[in-house]
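In what follows, a structure is listed as structure tokens, so that the remarks can point back to it.
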Amino acid sequence: MTTSLLIQNAQCIATFNHEDPAQGLELKEASLFIRDHRIEWIGPAAELPTGLHDEAGDVIDARGHLVTPGLVNTHHHMTQSLTRAIPGVQNAELFGWLRGLYPIWAGLTPEMVQVSTQIAMAELLMSGCTTSSDHLYIFPNGVRLEDSIEAAAEIGMRFTATRGSMSVGQSAGGLPPDSVVEQEDTILKDSQRLIETWHGAQHGAMLQIALAPCSPFSVSPALMQQSALLARSFKGQGVRLHTHLAENDHDIAYSREKFNKTPAQYAQELGWLGDDVWHAHCVKLDDEGISLFAASRTGVAHCPCSNMRLASGIAPVRRLLDAGVPVGLGVDGSASNDAAHMVNEARQALLLARVGRALQPPEVRHGQTFLGCDLGPAEMTARDALGMATRGGAQVLGRKDIGHLAKGMCADLALFDLRTLNFAGGAVHDPVASLLLCASPQAAYTVVNGRIVVRQGQLTTVDLDPLIERHNRLALQLAEAARNA
Ligand code: ZN
């Protein structure tokens, strides 16, 4: 049975179709027709073929709404929703934060992973995000990647599930306690099984698997290399590689001390540069690192809120973009943000880039000296930040079928009601920029793969209130178990 959905008379459709800008980047008074899972028609509302209007199975009256591509979240640890704002690590930097949380996460159960994944995804979907990756790297008490995979399928989110791992515990010089690390052959066998069982390589795949050894300070170089070989043995299927890199000064110091290399040099040595790799954070990537990333088209998941929350620093995003590095946005783990609101993440990316510029020393351009702050606001425009949140994220996740709106693309999109308080006085001038400059609104509608998953601000696929109640019970249970351990 085919399904069809007409999104009619939108005030503005921001297509982010930089592949073919002649089709229009911002269409005023526009409509969009979806058949099954793909966009079949997009253009001025007055030009919609009458046949399409008549056969639409469902219609969204989009008057007064902004339509954007579904936002794409490139880095997350969804189980951390259970440990948001937890006392003891509210004011810690990365390593101290991790040391405080590992023993709590050691108590995770399959049920906790399922419920917290749905909570994180509910937040993302309600902020207009349609695709997310998740980096699950701790598998205690029978937890499997399937726990998050099943949660995603039920709530209806497009998903890149990454098989994370930790194999170097404290006794071997790593950061995590020995109790939460796994054997490397177990990790690799499970990784292979997961790719063979779940990875979708086709246009419109709702689920992909990537391999994601956690970080230089929690896995061995051998596991990094073996994981890369394994992913690349699935030739042409788009099995990608993901990890944390160059997150803060301690991370750099660890890399220099243990490996006598910068993180980018370490990644290069292990085969972890390439257009099939994306690294989270890269706050401390140096000039050589940026060049290596650009030359190899290695992607970056920029996580501004987390970088601020943990005082990690300001990633060199403008320089990465100017060098041609693919950059997407990530809300990062829910315990270092502690929110999963993708529009807000794009807003923070905009604001943080401008602060970063203001903090830079004066520079000479075309014979003129500019104080850093003179160029500040131009460092990142609203459209730049939204571009990272949509098409940038798709590129980082290796998806050519999502991230912008055009005929033939997957029907992943978000609608925001411009007639609400958030946009008052802004959307009348510039609806696209006001999405970030005025507001971090909830989506009125979120459509994933042609299916309305958020309708009039409400999730259609799961009953949210009981889910929150169950999640809160499990969060307390997890903290209590750690206290009694
Ligand atoms: Zn992370």
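The values are calculated or read from the model by the stated rules, or taken from the named source; none is laboratory data. Predicted model, so just to flag it, every value in this text is computed and none were measured. Note that we place each Cβ from the backbone using ideal geometry, even for glycine, and neighbour counts take in every protein chain shown. To get the accessible areas, we keep the full protein, side chains included, count just its heavy atoms, and leave off ligands, DNA and RNA. Shrake-Rupley method; radii C 1.70, N 1.55, O 1.52, S 1.80 Å.
Here are the numbers for this structure:
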item: Considering residues of segment 200-239 that are touching a helix residue (DSSP H, G or I) at 6+ places or on another chain (Cβ under 6 Å) and modelled with pLDDT under 95 only, the residue surrounded by the most Cβ atoms within 10 Å (Cβ to Cβ); result: 216
item: Enumerated strands (runs of 3 or more DSSP E) restricted to segment 374-476, each holding at least 2 residues that are more than 24 Å from residue 81 (Cα to Cα); result: 413-417, 451-455
item: Tally of residues being open to solvent by 10 Å² or more (accessible area, probe 1.4 Å) and in contact with a Cys (Cβ under 8 Å, 6 or more places away or on another chain) across segment 134-182; result: 1
item: Residues satisfying the stated conditions in segment 298-315, i.e. more than 18 Å from the chain's Cα centre (by Cα) and open to solvent by 20 Å² or more (accessible area, probe 1.4 Å); result: 311, 313
item: Hits in segment 40-67 - residues which are open to solvent by 50 Å² or more (accessible area, probe 1.4 Å) and part of a helix (DSSP H, G or I); result: 46, 47, 50, 53, 54, 55
item: Residue list for segment 68-103, restricted to those being more than 16 Å from the ligand (Cβ to nearest atom) and assigned to a helix (DSSP H, G or I); result: 103
item: Of all residues in segment 439-461 being open to solvent by 60 Å² or more (accessible area, probe 1.4 Å) and farther than 16 Å from residue 6 by Cβ, the one that is nearest to the chain's Cα centre (by Cα); result: 442
item: Cross-chain or 6+ apart pairs with Cβ under 9 Å, segment 247-262 first and farther than 18 Å from residue 303 by Cα, then in a loop (DSSP other than H, G, I, E, B) and hydrophobic (A, V, I, L, M, F, W, C); result: 254/175; 254/217; 255/217; 255/246; 258/217; 262/246; 262/285
item: Checking residue 429 against (1) in contact with a Pro (Cβ under 8 Å, 6 or more places away or on another chain); (2) over 22 Å from residue 126 (Cβ atoms), the condition it does not meet; result: (1)
item: Total residues in segment 240-255, condition surrounded by 22 or more Cβ atoms within 10 Å (Cβ to Cβ) and more than 20 Å from residue 320 (Cα to Cα); result: 2
item: Qualifying residue in segment 281-292 (condition: among the small types (Gly, Ala, Ser) and open to solvent by less than 10 Å² (accessible area, probe 1.4 Å)); result: yes
item: Check on residue 331, aliphatic (A, V, I, L, M), within 15 Å of the ligand (Cβ to nearest atom), in contact with a strand residue (DSSP E or B) (Cβ under 8 Å, 6 or more places away or on another chain) and in a loop (DSSP other than H, G, I, E, B); result: yes
item: Selection within segment 387-398 - out of contact with any strand residue (DSSP E or B) (no Cβ under 6 Å at 6 or more places or on another chain) and within 20 Å of residue 273 (Cβ to Cβ); result: 395
